[in-house]
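Beneath this line is the structure, given in structure tokens, with notes to follow.
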Amino acid sequence: MGIPIRFNESAFRHGITPDEIRAVIEFPRYRSRAVSRRDPWREVYLIIGQIDREALIEVAAELTPEPAWEVFHAMLLRQTTADQVRDTIGTAADFTAGRTQRRQERRQ
């Protein structure tokens, strides 16, 4: 097993499960360092991934000194986040919006 993963209560606010979050962290399609709004010295990461052909999920987590991932945000990938990633790394990022839509319809 890799680095331990801990979850803040806020990580579950949007209905993403611990298993989904764990899969995104362990097998990311994209991961980059991000700037924390609260403390710019924290080592915070944006991680994007998915399970099989499910919707893309965005996770925000801090890499703590132990090391451990401290997850504080998880939700279906927002178009604005996908656009920001594309602007940063170019067109190499393939985040198909249709997958997010299908998952939303399934959950209703």
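The values are calculated or read from the model by the stated rules, or taken from the named source; none is laboratory data. Quantities reported herein were computed from a predicted structural model and do not represent experimental measurements. Here Cβ is always computed from backbone atoms with ideal geometry, including for glycine, and neighbour counts include all displayed protein chains. With ligands, DNA and RNA removed, areas are computed over all heavy atoms of the protein, side chains included. Shrake-Rupley method; radii C 1.70, N 1.55, O 1.52, S 1.80 Å.
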Which of (1) in contact with a helix residue (DSSP H, G or I) (Cβ under 6 Å, 6 or more places away or on another chain); (2) closer than 25 Å to Arg6 by Cβ; (3) at pLDDT below 90 does Phe95 not meet, given it meets every other one? (2)
Scan the stretch 20-44 residue by residue and report those that are in contact (Cβ under 8 Å) with a residue 24 or more places away in the chain and open to solvent by 40 Å² or more (accessible area, probe 1.4 Å). Glu26, Arg29
Considering residues that are assigned to a strand (DSSP E or B) and either among the polar types (S, T, N, Q) or over 14 Å from Phe7 (Cβ atoms) (or both), the number found within the stretch 58-81 is 4
Restricting to the stretch 60-90, what's the tally of residues that are acidic (Asp, Glu) and without any contact (Cβ under 8 Å) to a residue 60 or more places away in the chain? 3
